1. Out of region 69-121, which trypsin sites (Lys or Arg not before Pro) are coil in DSSP terms and have no more than 16 other C-beta atoms within 10 Å?
2. Express the carbon and sulfur contribution to the solvent-accessible surface of region 45-119 as a percent, rounded to the nearest whole number, probe 1.4 angstrom.
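The values are calculated or read from the model by the stated rules, or taken from the named source; none is laboratory data. Note that the structure is predicted; figures quoted are calculated from it, not measured. We place every Cβ from the backbone using ideal geometry, glycine too, and count neighbours over all the protein chains shown. Heavy atoms of the whole protein, side chains included, go into the accessibility calculation; ligands, DNA and RNA do not. Shrake-Rupley method; radii C 1.70, N 1.55, O 1.52, S 1.80 Å.
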Amino acid sequence: MTRTTGTTGTTRRVARTAAVLGGAILLALTTATSASATVTRYHGSDAAQATAYAMRAYDGERDGNGVYADAYLANGAHVSQWDGNGADGNWGPWARYSSRIKQFRVCEDHKGCSSWSYWPS
């Protein structure tokens, strides 16, 4: 049996351990980033944002038309989330879902909607 001793063997073990740990950390960061990435869609000055499991809306126009985020979930449900605060310069609340968002868009009453954004984008 051949055994590596001394600083050469220790250096190899440390380098191998660092490579394995570095790969695991990189995989964890990549997975966390893709799951929590936020995508924004615009319709004029109105907007909607979505992550894999949540969405919210923003009314950027003082025109009396309501704004909402519109989505289909992986389980087939159709959901909407209104901005809820008018054009006050703030985003509406996040709506969270147990099923993944498959596609979403921003819509404005009486004006139409943006094109769909498909998840993952």
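1. Within region 69-121, the qualifying trypsin sites (Lys or Arg not before Pro) (loop, at most 16 other Cβ atoms within 10 Å) are 100, 111.
2. Values: 1580 of 3580 Å².
Answer for region 45-119 is 44 percent, counting heavy atoms of protein chains only.
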